[in-house]
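Asks: Following this message is one structure expressed as structure tokens.
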Amino acid sequence: VLARASRLPSCAWSVLEAAAIIGSPIDPDLLDAVAGPAIEELESCLQNGILEYQSKALVFRHELAREAILTAIMPSRRAALHAAVLYALEAHPSGQLIHDSARLAHHAEEARDCAAVLRHAPEAARRATLLRSHREAANQYERALRFAASLPKEAVAGLLEARSYACYLTAQIDQA
């Protein structure tokens, strides 16, 4: 995969990096917001066979291709791309792009944006709880707790209690 991608121009490689960070399916509007208007570069990626269209979205031909591109991205570049995706998702008006709090929390954590993690992870946990996905709720509360050093003790206690209960419901007794 990397050998095939290395034949692409550097601008097309930037599009592939942004697409890998976004994850499949890739909303063309989001890719445009993150990678900039890159129609020729996107065409190169499509002709090369790494990306393809499915319905109205872009996808990697195979998830292993996306993983290979992800591993080739330098950590500082990866954090910057996650921050760009987070900003683009938060900046779009509701309805144009999918606002998924778990997705936003993931990009916030990868971008090392403490405030955004604390904004989105508890919301994702509450949503997971409503959907009776208690293991996901526990994971989201854990994510929030990793960034909770700046919160008041009462807020941290609330996160700990909520995580404990989610862990209890999923038989993670030691973690609870």
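Asks: What full-extension length gain, to one decimal in nm, is calculated for residue 165 and residue 123 as 0.36 nm per residue of separation minus the Cα-Cα distance?
Replies: My answer for the length gained is 13.5 nm.
Asks: Based on the Kirkwood radius over alpha-carbon pairs, what value in µm²/s does the Stokes-Einstein equation return for the translational diffusion coefficient of the range 1-84 at 10 °C and 1.306 mPa s?
Replies: Translational diffusion coefficient: 128 µm²/s.
Asks: Pairing the Cα long axis of helix 10-22 with the longest principal axis of the chain, what angle in degrees results, from 0 to 90 and rounded to the nearest 10?
Replies: 30 degrees
Asks: Determine the per residue accessible area of the chain with all protein chains present and a 1.4 angstrom probe, expressed in square angstrom.
Replies: Result: 56 Å² of accessible area for each residue.
Asks: Also: Can you work out the FRET efficiency for the pair residue 47 and residue 10, with r the C-beta to C-beta distance and R0 = 22 Å, to the nearest 0.05?
Replies: 0.85
Asks: If you don't mind, there's one more thing I want to ask. Can you compute the modelled spin-label distance between residue 67 and residue 154, with each label point 7 Å from Cα toward Cβ, in nm?
Replies: If labels sit at residue 67 and residue 154, their model points lie 4.6 nm apart.
Asks: Restricting things to Cα coordinates, could you compute the convex hull volume per residue of the range 95-162 in Å³?
Replies: Per-residue hull volume (Cα only) is 85 Å³.
Asks: Right, something else. Hey, what angle do you get for helix 114-130 against the long axis of the chain, alpha-carbon based, 0 to 90 degrees rounded to 10?
Replies: Around 70 degrees separate the two axes.
Asks: Determine ³J(HN,Hα), in whole Hz, for all residues of the range 62-79 in sequence, where each value follows from phi through the Karplus function 6.51 cos²θ - 1.76 cosθ + 1.60 and θ = phi - 60°; x replaces Gly and Pro.
Replies: 8, 4, 5, 5, 4, 4, 5, 5, 4, 5, 8, 7, 5, x, 5, 5, 4, 4
Asks: Show that you can apply the helix-only estimate: for the chain, add -39,500 (n - 2.57) for every DSSP H stretch of four or more residues, divide by all residues, and state [θ] at 222 nm to the nearest 500.
Replies: -21500 deg cm²/dmol
Asks: For the chain, which whole-number percentage of the solvent-accessible area (1.4 Å probe, protein heavy atoms only) is attributable to carbon and sulfur atoms?
Replies: 54 percent
Asks: So what's the Cα pair-distance distribution over the chain, bin width 10 Å, in %?
Replies: It works out to 10, 33, 30, 20, 8, 1, in whole percents.
Asks: In whole Hz and in residue order, list the ³J(HN,Hα) couplings for the range 44-52 that follow from phi through the Karplus curve 6.51 cos²θ - 1.76 cosθ + 1.60, θ = phi - 60°; x for Gly and Pro.
Replies: 4, 5, 5, 5, 5, x, 7, 10, 8
Asks: Another question, if that's okay. Between residue 56 and residue 176, what is the spin-label point distance in nm, taking each point 7 Å from the Cα along the Cα→C-beta axis?
Replies: About 4.4 nm, to one decimal.
Asks: Starting from a Cα-only point model with no solvent, please compute log10 I(q)/I(0) by Debye for the range 35-120 at q = 0.21, 0.23 1/Å.
Replies: -1.21, -1.28
The values are calculated or read from the model by the stated rules, or taken from the named source; none is laboratory data. The model shown is predicted, which means the values in this text are computed figures rather than measured ones. Glycine also receives a Cβ, built like all others from the backbone with ideal geometry; neighbour counts cover every protein chain displayed. Keep in mind that these areas ignore ligands, DNA and RNA; they rest on the heavy atoms of the full protein, side chains included. Shrake-Rupley method; radii C 1.70, N 1.55, O 1.52, S 1.80 Å.
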